[in-house]
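Q: Pasting in a structure now, in structure tokens, and then I'll have a few things to ask.
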Amino acid sequence: MSLVKVSVETTESSDKMLHEIDLSKSVEENVKSICKVFGKEYSSVYGLKLISTNDGKVLHIYITDDNIHEIKDGYFLQLAFSVSFYTKRIFDHVDGQYKERSFQDLYELSVDPEFIKEIVKTEKHIKLMDVFTNTELSVVEATACLICIVHLFQKHYLNEMSSQLLRKVISFIKHSTHLELIKYALSVIHKVLCHRNPNFAQLKEEIITEISIENLTEHIKKVMAPEIQYGALLAINSLIRSCKGEKRQQLIKELNLRKHRENIYQHIIASGNVNNKKVDKILAHELYICQTFLLSIYAEALAITITDQPDLFALDEFELPSEVKKMTLLMDFDDSAMKNKTASIDNLLDHDDVRISLASMSSRNSEASRLSNRIRSTATSESVDLESLKPSLLTIEALTHYKKYHYKNFYQSQVEEHAYEIGILASSERVVKMLTKILHIGTEPDKSSTCYQPTIFTCSSKTPFFFELFSRTMWLLSKTRREMKASTVQDYEKVINVLGKQVRLVLESKPMDFKMLTKKMIETDYKNVVDVWQNEKKEKLKDLLKTHPSVQILKERFSKFNEKIVYDQRIRYIQNGTMFPKFNDKKINGNFKAKLSTNRRDLLINDYDAKTNTSGPVTAYSLQDITHVIEGKACPHVNNNSVKDPQLALSVVIKNDDYINFKAADRKTASYWLDALNLLLGSDKRSTYYKNELDDLTEMDVVLHLMELQTVDIPNKAPPIPQPPFEVRPPIPPKPRISISPNNTETK
């Protein structure tokens, strides 16, 4: 149907009238009919606006021939002045006597896509930008202009902008106190920095030169305006992303200043604005992007491998030179930074609560060569890459921090990794690479991630987040290995796989400080990881069964086959017969037994006396005589209150006259009888039990077939069928040569 019923009002009156809009006609034709209803003479100055939808969503946008088909029953429309009328009225008086009224109209229409399209069509947007640049405007007037400019960017209508306009926008960011004006000024800066047109290259340079990180972080202090905080973070990230090389590193270092990080933590994270439903995801994503910039300072150290220059690094201070025994107890992680920064292994031996046995210490002069031999012997497994075990400069820095601030746990890890053959250097390199992959260090940030870490914005320069996370992960490695009862180097990859999942789960919880980080690591044990993997596997299977197009085709095929199975089960059920109570004047008077005949043509009913265990004569009712099967509240023995639960009741009507009333012992019995009777009579009604059993059977069949493809990704689209090969005909053999002999006889 092309007709929809809507409520229509005019700008002069709030009185609403019910009217039918014909979607097959143009907006102009519908406006003419509405004008006729309201007794108005049609004019081109009239247009049609959508005020709100039938679910209460307020829009206030103009209806055109492009979007008229989106109107549905119950929408609220308004007969108003057209977009072209408003455009002419605004820009004819934007700098004249009716300036205030013009800017008021501009403010109200600045978000309407049809208005933006109209001012571009008539080139009024050029005048708008000129007025904004060269005219003294009030806060409200400047805000109206900026909103229009932002939407011109969003609709990709702006391919150039003057430097004078940009400087005015920058001045608002630096000096204005009006929240809405700052909000749209920040948005304009973001749009310019993200624009790919070469015409904006010079403007980007001006923004990078004129705006500092401090100018933007000042707006993060506006706790009561989370949208401005989001705009400031967006501008910061866009500013850093637009720079390269030394300038980019300079901005990251400026952002990494503790005052700026704590500013973000205090006014966004700790204040709870990141949990505001309106901005939570987008704000959390910008915090994550900000985090990746802060952590990118480790990317260079990650790329430097130091094993090729062993003379420059004292590797012997990390590895033990001789065989050691495995530790019997696992120490708790020490959260406090130790005062003794020059602790040695003797400090660990001073504690009576730690049992450790070390063999005699030999010379460390040849430790570098022993490290290479250890790496080669460890990499004999096909799953371990030789190059991946060579420590990077970042690994050495992380180990140095671990030893300096958590020396007891460091020496425990040193003994553990040595005893399990991998060695602390190679193991630390694996952990560092795992953490950098999780935190996207040295790679492009994820486009949808919201997994920011609050601790990054509060940690001090002495306890950087990455090094503290590394220290706790090394301790967790020992804990996880014990929980998994891993004892050989062949189990190492399995342990690392579980460890990576543990770290991800801990970081997803977003601990607010290092103590919470340690607590989460203790709580997230191996059993938790197994449970999470099982749940993820179930959810993945559910999603596969519900959404994958290839699986849906498979389900349809199995469903048709299983319908026959459920059909046969229901028929066999009523063929076995069921005992029902017999109703007589609202009272139960004995019982009767009902069942389907062997030839499936008759319904057999006979009285049954439970006391004497005797059956009465059988009455056969042909299925062809059954005119209706009634269920629930429509049954007569439910209407007269003989049966309290309608879901237990069903009635069979014989030739529109005689009723056989059933009361099942439970809902399952009632559903089975209803399903069987409906199937026999050709009705489409099915019970919930029928649907659930059919779905369960079909799902089991599909899962059994998918088990053979557990390690194979099923494509959403079937691969293209190759074209048949060209028909190649066998070569035609040459004809035999015929020659004539001198005797005039043919020879082959």
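Q: Would you be able to tell me the number of residues in the stretch 78-103 that are open to solvent by 40 Å² or more (accessible area, probe 1.4 Å), touching a residue at least 24 places away in the same chain (Cβ under 8 Å) and outside any helix (DSSP H, G or I)?
A: Matching residues across the stretch 78-103 total 2.
Q: Does at least one position in the stretch 666-674 carry a residue that is of a type in the set (Phe, Trp, Tyr) and modelled with pLDDT of 90 or more?
A: Yes: one or more hits.
Q: Could you please find all residues in the stretch 577-589 being farther than 16 Å from Ala670 by Cβ and either touching a Ser or Thr at 6+ places or on another chain (Cβ under 6 Å) or modelled with pLDDT of 85 or more (or both)?
A: Correct list: Lys582, Lys586.
Q: Quick check, is Asp65 open to solvent by 30 Å² or more (accessible area, probe 1.4 Å), touching a helix residue (DSSP H, G or I) at 6+ places or on another chain (Cβ under 9 Å), assigned to a loop (DSSP other than H, G, I, E, B) and closer than 27 Å to Asp22 by Cβ?
A: Answer is yes for this residue.
Q: While we're looking at this one, here's another question. State all residues of the stretch 144-196 that are among the basic types (Lys, Arg) and touching a residue at least 40 places away in the same chain (Cβ under 8 Å); if no residue qualifies, say none.
A: Correct list: Lys155, Arg167, Lys174, Lys183, Lys191.
Q: So the check is Cβ under 6 Å with 6+ separation or different chains; which pairs have a first residue in the stretch 518-542 that's at pLDDT 90 or above and a second one that's not in a helix (DSSP H, G or I)?
A: From residues that are at pLDDT 90 or above, the pairs are Thr518/Phe333; Thr518/Asp335; Lys520/Ser509; Lys520/Pro511.
Let's see how each residue does on (1) without any contact (Cβ under 8 Å) to a residue 60 or more places away in the chain; (2) within 15 Å of His219 (Cα to Cα); (3) in contact with a strand residue (DSSP E or B) (Cβ under 6 Å, 6 or more places away or on another chain):
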site	(1), (2), (3)
Cys243	yes, no, no
Lys247	yes, no, no
Ile252	yes, no, no
Arg261	no, yes, no
Ile268	yes, yes, no
Ile289	no, no, no
Leu294	no, no, no
Ile297	yes, no, no
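Q: Kindly check whether there is at least one residue in the stretch 483-496 that is in a loop (DSSP other than H, G, I, E, B), within 15 Å of Gln453 (Cβ to Cβ) and either touching a residue at least 12 places away in the same chain (Cβ under 8 Å) or open to solvent by 60 Å² or more (accessible area, probe 1.4 Å) (or both).
A: no
Q: Only residues in the stretch 631-649 that are under 19 Å from Lys587 (Cβ atoms) count as the first member; pair them with residues that are aromatic (Phe, Trp, Tyr) and open to solvent by 80 Å² or more (accessible area, probe 1.4 Å), Cβ under 8 angstrom, at least 6 apart or cross-chain, and list the lot.
A: That search, which allows pairs on different chains as well, returns Pro636/Tyr659.
Q: Could you say which residue among Leu166, Leu193, Leu106, Leu186 is at pLDDT 90 or above, closer than 19 Å to Ile61 by Cα and buried (at least 21 other Cβ atoms within 10 Å of the Cβ)?
A: Leu106
Q: Now for a different question. As an exercise: evaluate Thr488 against (1) modelled with pLDDT under 90; (2) farther than 28 Å from Glu417 by Cβ and give the number of the one condition it does not meet.
A: Condition (2) is where Thr488 drops out.
Q: Of the conditions (1) open to solvent by less than 70 Å² (accessible area, probe 1.4 Å); (2) within 41 Å of the chain's Cα centre (by Cα), Ser24 satisfies every one except a single condition; which number is it?
A: (1)
Q: If Lys515 satisfies all but one of (1) open to solvent by 10 Å² or more (accessible area, probe 1.4 Å); (2) in contact with a helix residue (DSSP H, G or I) (Cβ under 9 Å, 6 or more places away or on another chain); (3) not small (Gly, Ala, Ser), what's the number of the condition it fails?
A: Here Lys515 clears every test but (2).
Q: Moving to a separate point now. Can Lys72 be described as farther than 28 Å from Leu128 by Cβ, open to solvent by 90 Å² or more (accessible area, probe 1.4 Å) and either assigned to a helix (DSSP H, G or I) or in contact (Cβ under 8 Å) with a residue 12 or more places away in the chain (or both)?
A: So Lys72 passes the test.
Q: Could you please let me know if Phe410 is of a type outside the set (Asp, Glu) and within 32 Å of the chain's Cα centre (by Cα)?
A: Criteria not met by Phe410.
Q: Restricting to the stretch 205-228, name every residue that is touching a residue at least 24 places away in the same chain (Cβ under 8 Å), open to solvent by 50 Å² or more (accessible area, probe 1.4 Å) and either within 15 Å of His190 (Cα to Cα) or aromatic (Phe, Trp, Tyr) (or both).
A: Within the stretch 205-228, Glu210, Glu227 meet the criteria.
Q: Scan the stretch 253-271 for residues that are under 30 Å from the mean Cα position of the chain (by Cα) and surrounded by fewer than 17 Cβ atoms within 10 Å (Cβ to Cβ) and jot them down.
A: Matches in the stretch 253-271: Glu262, Gln266, Ala270, Ser271.
Q: While we're looking at this one, here's another question. Quick test for you: out of Asn256, Asn273, Asn199, pick the one residue that is touching a residue at least 12 places away in the same chain (Cβ under 8 Å) and in contact with a Pro (Cβ under 7 Å, 6 or more places away or on another chain).
A: Within the list Asn256, Asn273, Asn199, the selection yields Asn273.
Q: Within the stretch 4-21, count every residue that is in contact with a strand residue (DSSP E or B) (Cβ under 6 Å, 6 or more places away or on another chain), without any contact (Cβ under 8 Å) to a residue 60 or more places away in the chain and open to solvent by less than 70 Å² (accessible area, probe 1.4 Å).
A: Selection size over the stretch 4-21: 2.
Q: Does the stretch 131-155 hold any residues that are open to solvent by 80 Å² or more (accessible area, probe 1.4 Å) and assigned to a helix (DSSP H, G or I), and which are they?
A: Residues satisfying the conditions are Asn134, Val140, Gln154.
Q: Across the stretch 456-471, what is the number of residues that are closer than 20 Å to Gln502 by Cβ and either surrounded by fewer than 21 Cβ atoms within 10 Å (Cβ to Cβ) or not hydroxyl-bearing (Ser, Thr, Tyr) (or both)?
A: Of the residues in the stretch 456-471, 7 are closer than 20 Å to Gln502 by Cβ and either surrounded by fewer than 21 Cβ atoms within 10 Å (Cβ to Cβ) or not hydroxyl-bearing (Ser, Thr, Tyr) (or both).
The values are calculated or read from the model by the stated rules, or taken from the named source; none is laboratory data. Small disclaimer: the values here were computed from a predicted structure and weren't measured. Neighbour counts are summed over all protein chains in view; Cβ atoms, including those assigned to glycine, are modelled from backbone coordinates with ideal geometry. Surface accessibility is based on the protein's heavy atoms, side chains included, excluding ligands, DNA and RNA. Shrake-Rupley method; radii C 1.70, N 1.55, O 1.52, S 1.80 Å.
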